[in-house]
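The values are calculated or read from the model by the stated rules, or taken from the named source; none is laboratory data. The shown structure was predicted, so the numbers you read here are calculated from the model rather than taken from an experiment. Quick reminder, even Gly has a Cβ in these numbers, built from the backbone with ideal geometry, and neighbours come from all protein chains shown. We work out accessible area using only protein heavy atoms, side chains counted, and drop any ligands, DNA or RNA first. Shrake-Rupley method; radii C 1.70, N 1.55, O 1.52, S 1.80 Å.
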Amino acid sequence: MRVVVTGAGGQTGSLVVQKLLENGINTTAVVRSEVSKNKLAEQLGAKAAVNIILADIMKPETLGPAFVDMDALVIVTSAMPRLLKSSLVGVILTKVFTLGFVSKKPSFYFDDGQSPEMVDWMGQRNQIDASKAAGLKHVVLVSSMAGTKPDHFLNSQMDNIVLWKRKAECYLVASGLPYTIIHPGGLLPHFGDRNPAPGGRRRLYAGTDDSLMDDGQNHSLVPREDVAAICVASLLEPQLSQGRSFDLGSGPEGEPCTVSLKDLLEPLQGSNSQYTKEQAEFKGGKKIRSCPCGEQ
Ligand SMILES: NC(=O)c1ccc[n+]([C@@H]2O[C@H](COP(=O)([O-])OP(=O)(O)OC[C@H]3O[C@@H](n4cnc5c(N)ncnc54)[C@H](OP(=O)(O)O)[C@@H]3O)[C@@H](O)[C@H]2O)c1
């Protein structure tokens, strides 16, 4: 099997590449800059048998050469929210003046031309079109939980990022390509957390339509390494994974670990995340601007 991974310089994408190589799978890694290429090459080590290609998902003409002769694609690209540092003042003052009873979320912005609408909708659509043109046999899409929650922080503060991702999922489902869609919860390690979050040490949980966020069981976080492992397992076991769309979370370390994709998906009894016409036709809501104060 020949697999191409986009967003391969990212935190989860690089782990997907690493795990594919560990499984002896012929892997092409797509990054969009020399900086990401060098970072990935360094992370994988000089001996890694990986083909690293530069392409930009916003420029469809760059994708064809990366996808030709491939069997499967793992999409791990995403718009990248940047923290508006000045908004932290409001977060801290609110906490102090309300003695911690009220919490205010910080604000985020996206670089010009890199909004969720551009990257998570149009960029994913470009990749799905390129997959179809190249005759790929399986597309694994890493998306996110909160796709059923327009008021969730990720949507209200981040330009509807998960709603745009959900629109791309609808496009993939309608494309006729064999697919697997994974909605991880909060990825570990969290931003700025120095504690590593190794994979393979937790029981993993599957859900649909944000059920893991709502069930009060605290299973909505998951290590990036476990997400990467499920991407690879999905490629290796297409009979279990194709046509499936599910949420992915985990319990604390110390519980018996999940050992197989079959064990993970069994509790769903074949059910999948449900897509609606509204999600497929999402046109965006209130937009946040690029950084309003020159703070970059
Ligand atoms: N963070 C969370 O808690 C969380 C929770 C749930 C789901 N997710 C989702 O899980 C996935 C993985 O997250 P992550 O934090 O591991 O990702 P990440 O480190 O932010 O990586 C995103 C990747 O997308 C690439 N990218 C962005 N725009 C691109 C473009 N125009 N062309 C080509 N590549 C482009 C970036 O390339 P460069 O390397 O060049 O910058 C980067 O490698 C994402 O879809 C994310 O939204 C995240």
Q | Which listed residue is more than 9 Å from the ligand (Cβ to nearest atom) and either buried (at least 18 other Cβ atoms within 10 Å of the Cβ) or of a type in the set (D, E, K, R) (or both), from 155, 195, 218 | A | 155
Q) Taking the stretch 61-97, which residues are open to solvent by 40 Å² or more (accessible area, probe 1.4 Å) and either part of a loop (DSSP other than H, G, I, E, B) or in contact with a His (Cβ under 7 Å, 6 or more places away or on another chain) (or both)? A) 68, 69, 78, 80, 81, 85, 86
Q | Residues (within 22 Å of residue 124 (Cα to Cα) and assigned to a loop (DSSP other than H, G, I, E, B)) located in the stretch 6-50 | A | 7, 8, 9, 10, 32, 33
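Collect the residues in the stretch 169-190 that are closer than 14 Å to residue 132 by Cα and either in contact with a strand residue (DSSP E or B) (Cβ under 6 Å, 6 or more places away or on another chain) or within 12 Å of the ligand (Cβ to nearest atom) (or both), keeping them in residue-number order. Walk me through how you get there before you give the answer.
Just the residues of the stretch 169-190 that are closer than 14 Å to residue 132 by Cα, to begin with: 171-179.
Within the stretch 169-190, 172, 177, 178, 179 qualify.
Run down 20, 44 and say which single residue is surrounded by 21 or more Cβ atoms within 10 Å (Cβ to Cβ) and away from the ligand (no atom under 11 Å from the Cβ).
Values: 44 fails: surrounded by 21 or more Cβ atoms within 10 Å (Cβ to Cβ).
Just a single option satisfies the conditions, and that option is 20.
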Q. Got a number for residues in the stretch 23-41 being buried (at least 17 other Cβ atoms within 10 Å of the Cβ), within 14 Å of the ligand (Cβ to nearest atom) and not polar (S, T, N, Q)?
A. 6
Q: Tell me which of these residue 166 doesn't satisfy, since it passes every other one: (1) within 11 Å of the ligand (Cβ to nearest atom); (2) within 28 Å of residue 237 (Cα to Cα); (3) open to solvent by less than 20 Å² (accessible area, probe 1.4 Å).
A: (1)
(Q) Step by step: first the residues of the stretch 124-147, then only those that are among the polar types (S, T, N, Q) and near the ligand (Cβ under 10 Å from one of its atoms), then the one that is surrounded by the fewest Cβ atoms within 10 Å (Cβ to Cβ). Which residue is that? (A) 144
Q: Spot the failing condition for residue 102; the list is (1) part of a helix (DSSP H, G or I); (2) among the β-branched types (Val, Ile, Thr); (3) surrounded by fewer than 20 Cβ atoms within 10 Å (Cβ to Cβ), and only one is missed.
A: (1)
Q | Close pairs (7 angstrom Cβ cut-off, 6 or more residues apart or separate chains): on the phi < 0 side of the Ramachandran plot in the stretch 17-41, among the charged types (D, E, K, R) and part of a helix (DSSP H, G or I) anywhere | A | 31/37
Q. Which members of the stretch 99-138 meet the condition of being more than 20 Å from the chain's Cα centre (by Cα), at negative phi and among the small types (Gly, Ala, Ser)?
A. 103, 107, 133, 134
Q) Is it true that some residue in the stretch 235-246 is among the acidic types (Asp, Glu), over 25 Å from residue 168 (Cα atoms) and surrounded by fewer than 20 Cβ atoms within 10 Å (Cβ to Cβ)? A) no
Q.
Taking the conditions exactly as written (at pLDDT below 95 and polar (S, T, N, Q)), does residue 290 satisfy them or not?
A. yes
